[in-house]
Every structure is written in C-alpha cells, then in structure tokens.
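Below: the structure, in structure tokens.
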Amino acid sequence: ARRWTLGTEKLRVFVSDYAPTMAIILWTGISKIGRAGHLGGDLPRVNVPRNFGTTDGRSWVLDFFSLEGWAIVLSLVPALIILVLFIFDHNVSSIMAQGAEFKLKKGSAYHLDFFVLGVCIVVTGILGIPPCNGLIPQAPLHTKSLGVLRTEERNGVRVDVVEKTWEQRYTNFGQALLTGVVLFRPLIGILGLVPNAALHGLFIFMALASLPGNELWERVCLVASEPRLRKST
C-alpha cells in the first residue's frame with residue numbers, strides 16, 4: 001500500500017499499517033451475511049471460552065506434588081527442549097527487532113528481555129499455561145511498522161530504506177493491554193466470531209510480509225536465481 005498512487009500519503013500509510021486488522025473485520029462481517037451467514041454453526045470459528053477461567057475447571061496453580069518421581073524426571077527432557085527453543089527464538093527475534101537497518105538511537109535491552117522472559121516462563125509453568133515470548137515475525141514487524149520509510153533506487157532496483165524509527169513504549173504497552181482486555185467479556189465473545197479461515201489467512205500474510213527485506217530470504221533467492229538475471233541492491 002505504501003507504493004500505491006491512490007489516495008494521500010497518510011491514507012496509504014494507514015492502510016499499510018492496519019490492513020491485517022481491517023481484513024479480519026471485513027471477512028468476519030462477510031461470514032455473517034448472505035449465503036455465508038446461513039452456514040451458522042457449521043462455519044469453524046475461533047474457539048474461545050465464555051468465562052475467564054481454566055478450560056477444564058482445574059485450579060490455577062498446578063499440584064506438582066501429585067506427580068510421581070519418574071514423571072517429574074521424564075518431563076525434564078521436553079521441558080529443556082522447549083526452554084532452549086524459546087530462548088533461541090527470543091534471541092533471534094530481539095536481534096531482528098533491533099537491527100542496524102532500523103537506525104535505532106536508544107540502546108538495546110537484551111539482559112532485561114531475558115530476565116523478563118525467565119520470569120514469564122516460571123510463572124506460566126506454575127500456572128500450567130503456554131509460555132510467552134517475543135515471537136518471529138511479530139516483534140520485527142512491529143519495529144518495521146514504526147519506521148519512516150523512503151524509496152531509493154539502487155542499481156536499478158527500488159528498495160525501501162528506513163529514515164528513522166519512532167522509539168517509544170506506548171504501542172508495546174497498548175498491544176499487551178489489549179491482549180489482556182480481550183480475555184474478558186464482551187470482547188472475548190466478539191473474538192469468537194472470527195472465522196478460522198480468516199485467522200489462518202492472517203498467519204500466512206504475516207509470514208509472507210516478513211520476507212521482503214529479510215537478508216536470509218534474499219540470499220536464498222540469489223542462490224536460486226539465474227546469475228545474469230540477478231539484481232544487486
């Protein structure tokens with residue numbers, strides 16, 4: 001949308017930043033009207049609980065002492081694998097979100113990030129819920145959305161270059177706050193109206209949107225391209 005010729009610059013930037021949200025709202029509305037609306041309960045939608053609580057009614061804190069010794073020892077194997085995966089994934093997402101191409105002025109906070117990640121892993125483990133971390137591609141895409149871009153031509157190729165990035169904490173805090181608010185009524189009921197197909201399309205879009213400008217993806221494309229047709233940027 002940033003490269004469109006239609007509308008004003010502010011409109012193009014708005015559409016580029018909020019296109020996924022608008023698409024979810026649009027397709028959710030379409031699923032409730034016309035022939036799609038007659039599908040009723042046959043159309044798979046996001047399965048969300050209607051009340052704030054655990055899924056099977058268990059207590060929030062797990063009873064660790066009810067497990068036998070062999071079960072605790074055996075569970076350490078997948079727990080270690082998941083821990084390494086989350087640490088590695090968080091490290092990669094932090095590096096990508098604070099890359100030199102974003103021209104960030106403020107310093108990084110890798111140690112604080114991993115401290116908060118460790119606290120979250122401990123708390124979620126006690127509660128028996130999936131751990132949370134800064135995932136790819138959400139974190140890099142968030143930083144990219146805060147960038148002010150300009151288009152340059154390099155060796156005959158048009159590329160987007162970040163002039164500066166708006167460094168603030170409001171959008172991060174707002175994102176986390178909205179995630180928590182959606183857990184309560186009536187928003188959790190509204191979330192249950194979203195079709196699974198629209199959500200799957202969002203995931204595909206986020207994956208594809210993270211490819212342009214990704215150095216690894218561009219190197220893979222260079223390997224698969226005919227040498228005389230390669231475009232150097």
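With the contact rule set at Cα under 8 Å and sequence spacing of 6 or more, what percent relative contact order holds for the chain?
Value for the chain: 27 percent.
Roughly speaking, to the nearest percent, how much of the stretch 92-169's 1.4 Å accessible area is carbon and sulfur?
Answer for the stretch 92-169: carbon and sulfur cover 63 percent of the accessible area.
Full extension from F52 to L112: what is 0.36 nm times the residue separation minus their Cα-Cα distance, to one decimal in nm?
Full extension of this stretch gives 18.6 nm more.
Stokes-Einstein at 20 °C, 1.002 mPa s, Kirkwood radius from Cα pairs: D for the stretch 13-153 in µm² s⁻¹?
Taking Rh from Cα pairs, D becomes 109 µm²/s.
For a test of understanding, tell me how many lysine pairs in the chain have Cα atoms under 24 Å apart, given they are 8 or more places apart or on different chains.
For the chain, qualifying lysine pairs total 11.
How high is the FRET efficiency from R158 to A197, r the C-beta distance, R0 35 Å, rounded to 0.05?
Rounded to the nearest 0.05, the efficiency is 0.55.
Hey, quick one: spin label on E9, modelled 7 Å out along Cα-Cβ, who in the stretch 148-189 has an amide N within reach, i.e. under 11 Å?
Output list for this probe position: 149-151.
How much of the calculated P(r) for the stretch 76-206 lies past 22 Å, in percent of all Cα pairs?
The share of Cα pairs beyond 22 Å in the stretch 76-206 comes to 53 percent.
Label points 7 Å out from Cα along the Cβ direction at V182 and S225: separation in nm?
Reported label-point gap for V182 and S225 is 3.6 nm.
In square angstrom, what is the accessible area per residue of the chain with a 1.4 angstrom probe?
75
Computed FRET efficiency, Cβ-Cβ of E215 and S59, R0 35 Å: what is it to the nearest 0.05?
0.15
Which order do the peptides 168-180, 80-92, 106-118 take when ranked by the mean count of other beta-carbon atoms within 10 Å per residue, highest first?
80-92, 106-118, 168-180
The values are calculated or read from the model by the stated rules, or taken from the named source; none is laboratory data. Bear in mind that the values here come from a model prediction, so they are computed numbers and not experimental data. Here the Cβ is made from the backbone with ideal geometry for all residues, glycine too, and neighbour counts use every protein chain on show. Surface accessibility is based on the protein's heavy atoms, side chains included, excluding ligands, DNA and RNA. Shrake-Rupley method; radii C 1.70, N 1.55, O 1.52, S 1.80 Å.
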